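See structure below.
The values are calculated or read from the model by the stated rules, or taken from the named source; none is laboratory data. Keep in mind that what you see is a predicted model, and the values were worked out from it rather than measured. Note that each Cβ is placed from the backbone with ideal geometry, even for glycine, and that neighbours are counted across all protein chains shown.
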Amino acid sequence: MAVVENTLIVRSQSPLREAMHAFRQSWTGMLGIVILALIVIFTYIGPILYPVDPFDIVWAPMTPPGVAAVAPLGTDYLGRNILAGLIHGGSATLYVGIVAGIITITIGVLIGALAGFCRGAVDEILMRLTEFFQVVPALLFAMVLVALFTPTIYVIAFAIGFVSWPATARMARAEVLRIRELEYVNAARVVGARNRKIIWQVILPNAFAPLIGSATLTIGTAMLFEAALSFLGLGDPNVFSWGLMIGEGREYIFDSWWAVTFSGLMIFLAVLGFSLVGDGLNNAFDPKLRER
Amino acid sequence: MRMVTMFARRLLHAFLLILAVLVLNFLLIHLAPGDPVDVIAGGVGGTTEEAMADIRATYGLDKPIYVQLGLYLGRAFQGDLGNSFFYNSPVLELVTGRAGATILLVATALLFAISIGTLLGVLASHKPKGIVSALVTFISVVGNSAPIFWTGMMLVLLLAWVYPVFPIANMIDITKGAGFFDRILDILHHLVLPALTLGIVYLGRYARVTNASMLEILGSDYIRTARAMGVAETKVYSYHALRNLILPIVTITGRQFGSIISAAVLVEVVFSWPGLGTLAFDAILARDYPTVLGILFFSSVLVIVANLITGFVYHLVDPRVRTEG
């Protein structure tokens, strides 16, 4: 009797609550949440507790960790505090990652949904465009864009979003193509719903589930992109970032391994957080995967 | 006959893509803030007055925009991608001179990733809770989340500094023997770390895809039939299961060329590997835009050609595509 009641309760939940429940069951997804929470606290509360300017020179250059109390994690080739760099260097990476991720998803979903919904010539043109953007190596493309325009944090976020949308577009298109053949879309059409209404109120909400996981993964990829651009010296020169620390420490790696190691670890953890949460969401929203 | 028209269509398609990349380059020169002459000459004040007048004349910058595009495309198809004012050399020469090193690096990394990745994936599918499965998960997590330039530097610290097994950077050591085989061995020795760094990212992906496909294949009816007929387990793997892995592997290889070239840029910079990536890095620091755009064009062509080859391979190995045309 109790078992029957239990199933009834589970069935009465909304799909969103059901997915959230499934998400909480996966330990990797929860680990991702914990990592992200720690990174956010470290990046946004850290500067209040540790208000040291990462550009300030505080001690002798290339001091190893644990030697000077002023710089517990050591100093870089100019004598700047590594710990201050780690604490202050995250907000740029997170900001660019999130903004670029949103741009990627917006362009990708618009193009993919339009192609999948209109089909025919529109689909053909949009997919050729997508293919073109997949052929040009994304990092080189972003490097050119950032170098030709000024490397401010906004240009960087835009450039990353502009070169990385094709994968999202392909996914959104496949999803729309799948959903538009389903019966409830036909039902909506039969009762006289207009195309715009069908796209926005019938197809997209149903395509939302697989997109939310991929959006989270996209933020992680965009952060790697930002780090790569700063590493190549194409970051915003006025903003301290983890990628910048690695790029500047590269030439002094054998004299001060700590300058590149810790900042790389921070990027790794932040991206890992987003990718664990993204994978967790993908599994939670997909009933087929959830059963495994 | 159907084959021939198929290939002709693909070639035309590739040609149109190459044309589109050239148009993109042209647009980038003109959309950049400031005078196109400055972009072509490499930054404001990059050259003399006469040189700038010269550029204006050859690029037809006083003519309407479509004439300029026509001139640009016409010269590009004659192999003229402009001149690098920084290196004082034609861009095409610079780029083709460096492409070999990049192709060597990318090909080695891919070969390593495909062979070891497939092997690990098959082993992991054999024992889903075994140690190989855990290793595959670990490699793909690190490969997907760690910045590739950072893993490269960590490998250098470990395997070239703490334990100096491999050289730190560059492609050849001129102090080593000058014989042909000494040279080749020396290049291979220098190749190990960059190829490992680049390959490990893709190794994780191949292992995961192989693992997933194997689980699907091993659960399919024809494998069950083969087993029921008493076919030996080694033959089930080697004859029935493994050949069905070729398609997913070719498919993901085709999708990755763009991303692997991007990753190679970073790896080259870490290891001072003298390929297109280090050239792009130096050219961007020097504001040498013709060279940068030349690399963007040439690497896109590399991706297009690689995709063309993968398409042919796909055609050869998939009987369904062959009959349906």
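Before moving on, here are some points about what is shown:
- Residue within segment B:285-302 that is more than 13 Å from chain A (Cβ to nearest Cβ) and either part of a helix (DSSP H, G or I) or surrounded by 20 or more Cβ atoms within 10 Å (Cβ to Cβ) (or both) present: no
- Residues that are within 15 Å of the chain's Cα centre (by Cα) and among the hydroxyl-bearing types (Ser, Thr, Tyr) were ranked within segment B:192-221; the one that is surrounded by the fewest Cβ atoms within 10 Å (Cβ to Cβ) is B:202.
- Qualifying residue in segment A:216-237 (condition: more than 14 Å from chain B (Cβ to nearest Cβ), over 30 Å from residue A:56 (Cβ atoms) and in a helix (DSSP H, G or I)): no
- Any hit, segment B:249-259, residues being in contact with a Pro (Cβ under 8 Å, 6 or more places away or on another chain) and in a helix (DSSP H, G or I): yes
- Residue, surrounded by the fewest Cβ atoms within 10 Å (Cβ to Cβ), within segment B:267-277, restricted to residues that are within 11 Å of chain A (Cβ to nearest Cβ) and out of contact with any Leu (no Cβ under 8 Å at 6 or more places or on another chain): B:272
- Filtered residue count, segment A:80-90, keeping only those that are outside any strand (DSSP E or B) and either surrounded by fewer than 17 Cβ atoms within 10 Å (Cβ to Cβ) or in contact with an Asp or Glu (Cβ under 9 Å, 6 or more places away or on another chain) (or both): 4
- Failed criterion for residue A:188 (all others in (1) in a helix (DSSP H, G or I); (2) under 22 Å from residue A:139 (Cα atoms) hold): (2)
- Matching residues in segment A:164-197 - criterion: being buried (at least 16 other Cβ atoms within 10 Å of the Cβ) and aromatic (Phe, Trp, Tyr): A:165
Residue-by-condition table, conditions (1) under 26 Å from the mean Cα position of the chain (by Cα); (2) surrounded by fewer than 20 Cβ atoms within 10 Å (Cβ to Cβ); (3) not in a helix (DSSP H, G or I):
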position	(1), (2), (3)
B:113	yes, no, no
B:118	yes, no, no
B:134	no, yes, no
B:142	yes, yes, no
B:151	yes, no, no
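- Restricting segment B:232-266 to residues that are without any contact (Cβ under 8 Å) to a residue 60 or more places away in the chain, surrounded by 15 or more Cβ atoms within 10 Å (Cβ to Cβ) and more than 14 Å from chain A (Cβ to nearest Cβ) leaves a set whose member that is farthest from residue A:143 (Cα to Cα) is B:236.
- Residue A:150 being under 25 Å from residue B:17 (Cβ atoms) and either in contact with a Leu (Cβ under 9 Å, 6 or more places away or on another chain) or of a type outside the set (Gly, Ala, Ser) (or both): no
- Residue B:98 basic (Lys, Arg), more than 14 Å from chain A (Cβ to nearest Cβ) and either in a loop (DSSP other than H, G, I, E, B) or surrounded by 14 or more Cβ atoms within 10 Å (Cβ to Cβ) (or both): no
- Options A:272, A:276, A:281; residue that is in a helix (DSSP H, G or I), touching a residue at least 60 places away in the same chain (Cβ under 8 Å) and surrounded by fewer than 24 Cβ atoms within 10 Å (Cβ to Cβ): A:272
- Output for segment B:159-191, where each listed residue is surrounded by 12 or more Cβ atoms within 10 Å (Cβ to Cβ), outside any loop (DSSP other than H, G, I, E, B) and within 14 Å of chain A (Cβ to nearest Cβ): B:159, B:160, B:161
- Considering segment B:1-28, the residues that are of a type in the set (Gly, Ala, Ser) and over 11 Å from residue B:301 (Cβ atoms) include one that is surrounded by the fewest Cβ atoms within 10 Å (Cβ to Cβ), namely B:8.
- Any hit, segment A:63-76, residues being touching a Ser or Thr at 6+ places or on another chain (Cβ under 9 Å) and acidic (Asp, Glu): yes
- Screening the candidates B:156, B:106 for the property of being touching a helix residue (DSSP H, G or I) at 6+ places or on another chain (Cβ under 9 Å), within 12 Å of another protein chain (Cβ to nearest Cβ), within 19 Å of residue A:261 (Cα to Cα) and touching a residue at least 60 places away in the same chain (Cβ under 8 Å) yields one hit, B:156.
- Residues considered: A:78, A:94, A:83, A:129. Of these, the only one that is at pLDDT 90 or above and under 17 Å from residue A:263 (Cα atoms) is A:94.
- Those residues of segment B:1-40 which are of a type in the set (D, E, K, R), within 21 Å of residue B:61 (Cα to Cα) and in a helix (DSSP H, G or I), in sequence order: B:38
- All of (1) assigned to a helix (DSSP H, G or I); (2) within 10 Å of another protein chain (Cβ to nearest Cβ); (3) more than 19 Å from the chain's Cα centre (by Cα) hold for residue A:263 with one exception: (3).
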